[in-house]
Amino acid sequence: MSTDTTTKPMDTELFGRSVSFEYSEHWLGYSLLILRVVMGWVLFQGGIVKVLDPSWSASGFLLNAIPEGNPLMGFWSMLATDYIAIIDPLNAWGLTLTGLFLIAGAFVRWVAFWGAVMMLFYWLAALQGGLMAGLPLAHGWVVDDHLVYAALLFGLGAFGSGRILGVDAYLEETDVVQNNRWLRYFLG
């Protein structure tokens with residue numbers, strides 16, 4: 001990796017508008033690596049404590065901690081009563097494995113997508129009211145940490161951050177991926 005800190009131009013179109021800016025590939029690489037590992041650690045830590053605690057269950061949260069006025073209250077209750085045998089392992093192992101895969105830089109696009117889906121479910125669980133109430137959350141309006149995590153995971157997948165000192169860089173060079181280019185949608 002070059003230590004050259006010169007900037008490079010980027011020209012793109014966002015929302016039908018031309019956008020141009022300069023960026024440093026050097027610092028962008030470090031930033032994406034750090035963001036991927038840190039986000040991976042947050043998810044891994046959130047999951048492994050659940051995996052290692054045999055008494056942990058999402059049912060307590062789903063039945064008792066969803067804010068009053070949540071527009072999906074019936075959905076959360078249904079998950080806690082009828083589907084908890086699926087929800088508990090999906091939650092605990094989903095967080096743990098998503099975190100590990102992000103740290104390793106393996107299948108980053110795939111796990112970033114599912115990690116963002118998990119974060120959107122957590123965001124929905126934090127709603128205290130619907131659209132007409134301004135989408136209030138426990139700690140503000142519309143945006144909370146779960147939405148920030150979902151956006152960060154989207155960015156990590158979009159940039160293909162698993163290619164930066166990650167397993168995905170190796171996997172993309174294998175014959176299997178070279179002969180099946182569609183597999184790159186899961187890597188990166």
Inset, instruction - Over the chain, calculate the relative contact order: mean separation of alpha carbon pairs under 8 Å at least 6 apart, over the residue count, as a percent. - result: 22 percent
Legend entry - Distribution of pairwise C-alpha distances over the stretch 31-185, 10 Å bins, in %: 11, 34, 32, 17, 5, 0
Legend entry - Computed magnitude of the charge dipole of the chain (debye, nearest 20; Cβ of K, R +1, Cβ of D, E -1): 100 debye
Legend entry - Total formal charge among the other residues, if their Cβ is under 13 angstrom from that of Leu156, Lys/Arg +1 and Asp/Glu -1: +2
Inset, instruction - Measure off 7 Å from each Cα along the Cα-to-Cβ vector at Val143 and Ala85, then give the distance between these two points in nanometres to one decimal. - result: 4.2 nm
Legend entry - Taking Val176, Val143 and counting other C-beta atoms within 10 Å, the order from fewest to most: Val176, Val143
Inset, instruction - Quickly rank 45-52, 109-116, 93-100 as a protection proxy: mean count of other C-beta atoms within 10 Å, highest first. - result: 109-116, 93-100, 45-52
Inset, instruction - Could you give the C-alpha radius of gyration of the stretch 43-131 expressed as a fraction of 2.2 N^0.38 Å, taking N as the number of residues it contains? - result: 1.14
Inset, instruction - Give the residue from Val143, Pro54, Phe154 lying farthest towards the positive end of the charge dipole for the stretch 31-185; charges sit on Cβ (+1 for Lys and Arg, -1 for Asp and Glu) and the dipole is referred to the Cα centre. - result: Phe154
Inset, instruction - May I ask you to list, by number, the DSSP H helices of the chain whose Cα span along the axis is at least 20 Å and whose average Kyte-Doolittle hydropathy reaches 1.0 or more? - result: 25-51, 84-104, 108-126, 145-159
Inset, instruction - Would you calculate a helix-derived [θ] at 222 nm for the chain, using -39,500 (n - 2.57) for each DSSP H run of n ≥ 4 and dividing by the full residue count, to the nearest 500? - result: -18500 deg cm²/dmol
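Throughout, read-outs are computed from the coordinates displayed, never taken from laboratory work. In this text, all values refer to a predicted model and were calculated from it rather than measured experimentally. Cβ: placed from backbone, ideal geometry, glycine included. Neighbour counts: every protein chain shown.
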